[in-house]
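These notes are about the structure you will find just below.
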Amino acid sequence: EREREREREREREREREREREREERESECAMTSEEEDLSWIQWFCNLKGNEFFCEVDEDYIQDDFNLTGLRSCVPNYDYALDLILDTDTDDDLNDEQQEIVDTAAEFLYGLIHARYILTARGTSAMMEKYQNVDFGRCPRVLCGGQPALPVGQTDVPRTNTVKIFCPKCRDIYYPRLRRHSNIDGAYFGTTFPHLLLQTYPDLQPSPATSTYIPKIYGFKIHPSARERQQEYAKERAKQQALVTQLQRRPSATGRPASPATQPNGNLRKR
């Protein structure tokens, strides 16, 4: 009887396993179908780690004026642009060539993105992401979780990674999530967060006024305490230099001076 019960239990377990596999296959098929329906831009912006990007309108990309000067910056420009716009090409690329084009497309899209977010449509799209706190919050405790904005330290590509700018304390920080730490800061530029706050002044918070005050046993540390520490350190350094100089000075016998010692090696009292 126990053996039959175990057999029935194993059969039920196998049935549950088959059900889970069937659900996983259906889920994978659904995901594949959704990915096939997505444009390249939608697919790229939905990738994990690309939450800072907004979707650039294809009309903006198709206007050659908006892409002025980018051809000389991006290798395989035509292939990359065709990939971004989902344009079918007759060229059959092998895996290595396709990987090169994929990298070029990501680079080109980032440079286009930096220009797009300075337009009215781009700023509006990024404003919605800012209100949804898609860019994270200021890590400074006294800013009270103020939503932040992405910013670059330079407009030159491949120089610095993206940082987040806090409109409250007016400082920049590293993104909280590691997957955002590899994004090129030039894909957002140095102008964007400040232009957005000028465009939507209602989003500008009041400047931070509170600062952290160090205390010891509840008492504030007086500014002169640091000065005394520095003076004490300088005095110790001078004394150490003087002792070193005296030890290196030769004695009357021509040997370096050394403290007087007793036969047993202990210092002799003077």
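The values are calculated or read from the model by the stated rules, or taken from the named source; none is laboratory data. Everything quoted here is computed from the prediction, not taken from an experiment. When we count neighbours, we look across all protein chains shown, and the Cβ atoms used for this are built from the backbone with ideal geometry, even at glycine. To get the accessible areas, we keep the full protein, side chains included, count just its heavy atoms, and leave off ligands, DNA and RNA. Shrake-Rupley method; radii C 1.70, N 1.55, O 1.52, S 1.80 Å.
Multiplying the residue separation of ARG228 and ASN66 by 0.36 nm and subtracting their alpha-carbon distance yields 52.3 nm. Percent of accessible area on the chain owned by carbon and sulfur, 1.4 Å probe? Looking at the chain in its full context, I get 49 percent from C and S.
Would you mind putting 160-168, 66-74 in packing order, based on average other-beta-carbon counts within 10 Å, highest first?
By packing density, highest mean first, the sequence is 160-168, 66-74.
Taking a quarter of the surface of the Cα convex hull of region 123-261 gives a mean projected area of 16.9 nm².
Accessible surface comparison of TYR217, TYR79, TYR174, TYR187, probe 1.4 Å, protein chains only, largest first: the order is TYR217, TYR174, TYR79, TYR187.
What lysines does LYS163 reach when the alpha-carbon gap must be under 29 Å and sequence neighbours fewer than 8 apart in one chain are set aside? Excluding near neighbours in sequence, the set is LYS48, LYS129. Rounded to the nearest Hz, the phi-derived 3J(HN,Hα) couplings of region 172-181 under the Karplus curve 6.51 cos²θ - 1.76 cosθ + 1.60 (θ = phi - 60°) are 10, 9, 6, x, 5, 8, 5, 5, 8, 7, where x marks glycine and proline. Residues in the chain average 71 Å² of solvent-accessible surface per residue, probe 1.4 Å, ligands and nucleic acids excluded. With a Förster radius of 51 Å applied to the beta-carbon distance between ARG121 and GLU5, the computed FRET efficiency rounds to 0.15. Can you return the lysines within cross-link range of LYS220? Criterion is Cα-Cα under 23 Å, with same-chain partners fewer than 8 residues away left out. Hits, sequence-local ones excluded: zero.
Within the shell defined by Cβ-Cβ distances under 14 Å, the residues around GLN229 carry a net charge of +1, with Lys and Arg each +1 and Asp and Glu each -1. Averaging Cα coordinates gives a centre for region 71-104 and one for region 125-194; these two points are 29 Å apart.
The GNM of the chain, with springs linking C-alpha atoms under 10 angstrom apart, assigns the highest mean-square fluctuation among PHE53, PHE192, PHE219 to PHE219.
A Gaussian network model of the chain, with springs between Cα atoms under 10 Å, assigns the largest mean-square fluctuation among LEU81, LEU108, LEU47 to LEU47.
If I take every Cα pair under 8 Å that is 6 or more residues apart in the chain, average their sequence separation and divide by the length, what percent do I get for the relative contact order?
11 percent
On the principal axes of its alpha carbon atoms, the chain extends 95, 79, 49 Å, with the longest extent given first. To the nearest 0.05, how large is the calculated FRET efficiency for GLU235 and THR211 if R₀ is 30 Å and r is the Cβ-Cβ distance? It comes to 0.45.
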